[in-house]
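Every read-out reported here was derived from the displayed coordinates using simple, explicitly stated rules and does not represent laboratory data. Just so it is clear, the structure is predicted and the values come from calculations on it, not from any experiment. When we count neighbours, we look across all protein chains shown, and the Cβ atoms used for this are built from the backbone with ideal geometry, even at glycine.
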Amino acid sequence: MCRPSRSLSSGLKSLSNSALQYLIADLHLDGKRPETTRLFLDFIDGPAREAAGLYILGDLFEAWIGDDAAGQLGRQVATRLASLSRAGTRIYFLCGNRDFLVGPDYCRRAGMSRLDEPVSLIEHRGETIALLHGDTLCTDDVSYQKFRRKARSPQWQKKMLAKPVWMRKLMAGAARLMSRRHTGNTAETIMDVNSGAVAEAFVHHRVRRMIHGHTHRRAIHDLQVDGRHCQRIVLGDWGKTGSVVRLDSNPPAMLKITRNRDGEVTLRLQETAAPLAD
């Protein structure tokens, strides 16, 4: 189970200015989407091995009902992630709204270190960057935020994980159906981030750059918060192609994960973040 965030300064990870880091989110891996799974596993076996770190910012899986019910897909992903970890790439996981029940046992099997949620801070090139899944920024979706508060409580999670696996599967299926109906019946503006919540996050965590997923609306947003230039980098979701943010000695960049004519996974530059103005 994902643990609540600690204090702002606690657990701050300082990254090498030049070491390559990749950040991804919203893969929604599911047995019904084998093409996406193959793309991710080929990314893990290929380009990801060049990186010093891989950050998974939530919704790695479409649904997760407990480490004791990982299934074939969960075991396959854990095996390949553990191989990447043994090869020298450090893997960090921050849970999302679909996989918040991923626990320490699965993280251990996959060679992943869990990040605090809802926000974890890293230091890169002398600046602090906030990493989050992004669902906490969608405050206009009142019904979801109400469910989120309930589902993140240790008591609720303990009660849920105590149920038999077959019952959790039925409940997860019903929850996905309700989620699709909710998404279809809710205005897109409500499903997106709230500008006030975004500004508050920048101020509260004392950062000028944040990276998140959840909304599936890949973009780099430049904005002013209290007279300061800030930047919100939003990862896209995965399907036949994938989305990744690259951190290295250059400004942050948004890349598209696709396949070349030979079927090999390749990364293509989509957009480079502008330097933050003083």
(request) With a/c under 1.5 counting as rounded, go ahead and sort region 68-216 into rounded, prolate or oblate using the C-alpha gyration tensor (a ≥ b ≥ c being the square roots of the eigenvalues; past the cut-off, prolate if a/b is larger than b/c, else oblate). (result) oblate
(request) Go ahead and set up a Gaussian network model of the chain, Cα springs under 10 Å, then flag whichever of Arg261, Arg148, Arg218 fluctuates most. (result) Arg261
(message) Rounded to the nearest 20 debye, what is the charge dipole size of the chain about its Cα centre when +1 sits on each Lys and Arg Cβ and -1 on each Asp and Glu Cβ?
(response) 920 debye
(request) Per residue of region 157-172, in order, report the coupling 6.51 cos²θ - 1.76 cosθ + 1.60 (Karplus, θ = phi - 60°) as ³J(HN,Hα) in whole Hz, putting x for Gly and Pro. (result) 5, 4, 5, 5, 5, 7, 6, x, 4, 4, 6, 4, 5, 4, 5, 5
(request) May I ask for the net charge around Gln270, where only other residues with Cβ less than 10 Å from the Cβ of Gln270 are counted and Lys, Arg are +1 while Asp, Glu are -1? (result) +2
(message) Taking every pair of distinct Cα atoms and averaging 1/r, then inverting, what Kirkwood hydrodynamic radius in Å comes out for region 178-278?
(response) 15.4 Å
(message) Helix-only mean residue ellipticity at 222 nm, the chain, DSSP H runs n ≥ 4 weighted -39,500 (n - 2.57), per residue, nearest 500. What is it?
(response) -9500 deg cm²/dmol
(request) Lys and Arg at +1, Asp and Glu at -1: add these up for the other residues within a Cβ distance under 11 Å of Phe202 and post the number. (result) +3
(message) Using amide H atoms built in the peptide plane, which far-off residues or other-chain residues are under 5 Å from Glu117 H to H?
(response) Arg3, Ser5
(request) Of the options His214, His124, Pro275, report the single residue whose Cα projects farthest towards the positive end of the charge dipole of the chain (beta-carbon charges: Lys, Arg +1; Asp, Glu -1). (result) His214
(request) Show the residues, 5+ positions off or on another chain, whose built amide H is closer than 5 Å to the amide H of Arg90. (result) Gly53, Leu54
(request) Could you let me know the centre-to-centre spacing of region 252-278 and region 117-178, using Cα atoms, in angstrom? (result) 28 Å
(message) I'm checking a number: the convex hull volume of the Cα atoms of the chain, normalised per residue, in Å³. What is it?
(response) 128 Å³
(message) Just to check I understand the Karplus step: with θ = phi - 60° and J = 6.51 cos²θ - 1.76 cosθ + 1.60, what whole-Hz values come out for region 199-215, glycine and proline as x?
(response) 4, 4, 5, 4, 5, 4, 8, 6, 10, 10, 9, 9, 10, 8, x, 6, 7
